[in-house]
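A.B. asks: Just passing along the structure, written as structure tokens.
The values are calculated or read from the model by the stated rules, or taken from the named source; none is laboratory data. The model shown is predicted, which means the values in this text are computed figures rather than measured ones. Cβ sites come from the backbone with ideal geometry, for glycine too, and all protein chains shown count toward neighbours. Accessible surface areas use protein heavy atoms only, side chains included; no ligands, DNA or RNA. Shrake-Rupley method; radii C 1.70, N 1.55, O 1.52, S 1.80 Å.
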Amino acid sequence: MRSFTYQRVTDPSAAIQALAMAVANNNPPTEATAQPLAGGTTLIDLMKLDVMRPRTVVDINPLASTWSAINLDGGNLRLGALARMSDVAANPEIQRNYPVIADSLRLAASPQLRNMATLGGNVLQRTRCTYFRDISYANCNKRDPGSGCAALDGFNRMHAVLGTSEQCIATYPGDFAQALIALDATVEITGKSGVRNIPFAQLHKPPDDSPQIETTLAPGELISAFTVSGRWPRSVYLKARDRQSYEFALSSAAVALDVQDGVISDARVALGGLATVPWRAREAEALIKGQKFDEALAQRVADAALAGAQGRRHNAFKIALGKRVVARALHQAATMEI
Ligand SMILES: Cc1cc2nc3c(=O)[nH]c(=O)nc-3n(C[C@H](O)[C@H](O)[C@H](O)COP(=O)(O)OP(=O)(O)OC[C@H]3O[C@@H](n4cnc5c(N)ncnc54)[C@H](O)[C@@H]3O)c2cc1C
Ligand code: SF4
């Protein structure tokens with residue numbers, strides 16, 4: 001691990017100032033310059049592996065006193081970015097009104113990790129691509145732009161089949177993000193120019209020609225909260241993985257439905273484990289709205305959700321698996337008792 005400056009801040013403005021100063025002292029400012037520290041379960045891992053090399057680490061944990069609240073007021077949800085995954089997953093109101101959120105968190109990582117890890121850190125976790133995480137591999141455009149992509153011709157069983165580019169095929173690994181994108185969540189971002197809100201769907205960037213740029217956050221900006229409009233009691237997060245605990249998704253689906261008199265009036269479908277970014281299957285959703293659920297519909301929706309998928313040498317199985325997960329998640333959401 002390389003040496004770095006550690007700063008612990010007690011309020012949001014001190015955090016923004018510390019990050020801004022660290023960024024300003026480096027030219028050009030890069031993602032690597034200054035990193036906030038939340039639970040540290042991604043950041044410290046990657047610093048030990050020498051993949052991330054921040055010169056300044058700003059510990060934002062004391063901000064939890066203002067940024068970790070779980071509020072369900074007037075039918076809208078606000079989750080502080082420093083709320084711990086385990087606290088949100090165990091909250092009875094979240095379980096009742098947003099099962100897709102509770103399950104996306106409950107099925108992630110391990111109990112110890114969920115006790116440490118925060119919501120903000122979770123959505124910003126980095127890919128698990130082996131070639132990215134092991135610096136003995138020279139070719140990784142995400143770690144070292146322009147160096148190539150070892151996964152294209154390497155072992156790519158865990159890699160993405162949607163949203164890939166010739167520069168990078170790494171999978172976005174998180175679960176919670178699929179629930180957020182399905183529910184049209186908003187991200188509240190705090191920076192030196194104040195607070196701004198963006199749709200969660202605009203937070204992550206597909207790899208295109210610049211896989212090293214993963215989000216639309218400016219250097220030094222912090223995620224302070226997530227908000228969701230309305231309640232989604234008829235929602236499901238289904239995760240297929242190599243083992244039933246402590247494992248990332250091979251394929252997952254976040255599904256939320258609004259059913260009135262047996263007819264689906266609104267439908268949301270997001271996919272995990274399959275794409276380079278949190279992935280909303282909007283064309284597939286369009287097939288559901290106004291329909292009554294049956295298994296044939298679920299199959300059509302599943303086919304549409306994976307229509308643009310491109311398999312490679314070791315991961316083509318994910319396309320068939322992804323369709324099954326989508327169809328089953330739709331079945332579960334449509335038939336659940338609420
Ligand atoms: C063995 C293992 C298994 C795992 N399995 C899963 C799994 O199945 N599903 C899953 O979803 N995840 C899984 N994870 C990932 C884990 O959930 C994340 O590491 C965790 O959620 C990150 O949160 P954190 O608070 O520890 O973030 P940190 O490590 O503190 O931060 C992560 C990144 O986000 C930045 N950051 C943190 N908070 C903010 C903020 N508020 N604003 C701006 N930037 C911020 C940091 O600077 C850093 O770059 C696993 C991790 C491990 C180690
Ligand atoms: S898939 Fe992306 S992260 Fe993995 S080696 Fe290729 S460029 Fe690097």
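A.B. asks: Need the failing condition index for residue 270 against (1) closer than 24 Å to residue 55 by Cα; (2) surrounded by 17 or more Cβ atoms within 10 Å (Cβ to Cβ), just the number.
C.D. replies: Exception for residue 270: condition (1).
A.B. asks: Of all the residues that make up the stretch 94-138, how many are part of a helix (DSSP H, G or I) and within 16 Å of ligand 2 (Cβ to nearest atom)?
C.D. replies: Residues that pass the stated criteria total 4.
A.B. asks: Within the stretch 175-197, can one find any residue that is within 16 Å of ligand 1 (Cβ to nearest atom), open to solvent by 40 Å² or more (accessible area, probe 1.4 Å) and either on the phi > 0 side of the Ramachandran plot or charged (D, E, K, R) (or both)?
C.D. replies: yes
A.B. asks: I'm told residue 248 meets every condition in (1) crowded, with 22+ Cβ neighbours inside 10 Å; (2) under 18 Å from residue 103 (Cα atoms); (3) among the hydrophobic types (A, V, I, L, M, F, W, C) except one. Can you identify the failing condition by its number?
C.D. replies: Every listed condition holds for residue 248 apart from (1).
A.B. asks: For the stretch 54-93, what are the residues that are assigned to a helix (DSSP H, G or I) and either open to solvent by 70 Å² or more (accessible area, probe 1.4 Å) or of a type outside the set (A, V, I, L, M, F, W, C) (or both)?
C.D. replies: 61, 62, 65, 66, 86, 87, 92, 93
Listed here are the residues, each with its yes/no results for (1) under 17 Å from residue 176 (Cα atoms); (2) within 14 Å of ligand 1 (Cβ to nearest atom); (3) not small (Gly, Ala, Ser).
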| residue | (1), (2), (3) |
| --- | --- |
| 21 | no, no, yes |
| 33 | no, yes, yes |
| 36 | no, yes, yes |
| 54 | no, yes, yes |
| 59 | no, yes, yes |
| 66 | no, yes, yes |
| 84 | yes, yes, yes |
| 96 | yes, no, yes |
| 102 | yes, yes, no |
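A.B. asks: Right, next: Does the stretch 257-304 hold any residues that are among the charged types (D, E, K, R), more than 25 Å from residue 123 (Cβ to Cβ) and part of a helix (DSSP H, G or I), and which are they?
C.D. replies: Passing the criteria: 295, 300, 303.
A.B. asks: I'm told residue 139 meets every condition in (1) within 12 Å of ligand 1 (Cβ to nearest atom); (2) of a type in the set (S, T, N, Q); (3) open to solvent by 30 Å² or more (accessible area, probe 1.4 Å); (4) under 24 Å from residue 318 (Cβ atoms) except one. Can you identify the failing condition by its number?
C.D. replies: Here residue 139 meets the rest and fails (1).
A.B. asks: So, one more: Which of the following residues is within 14 Å of ligand 1 (Cβ to nearest atom), open to solvent by 10 Å² or more (accessible area, probe 1.4 Å) and either modelled with pLDDT of 95 or more or under 19 Å from residue 121 (Cβ atoms) (or both): 242, 144?
C.D. replies: When all the criteria are applied, what remains is 242.
A.B. asks: Just give me the residues in the stretch 147-174 being without any contact (Cβ under 8 Å) to a residue 60 or more places away in the chain and open to solvent by less than 10 Å² (accessible area, probe 1.4 Å), in sequence order.
C.D. replies: 151
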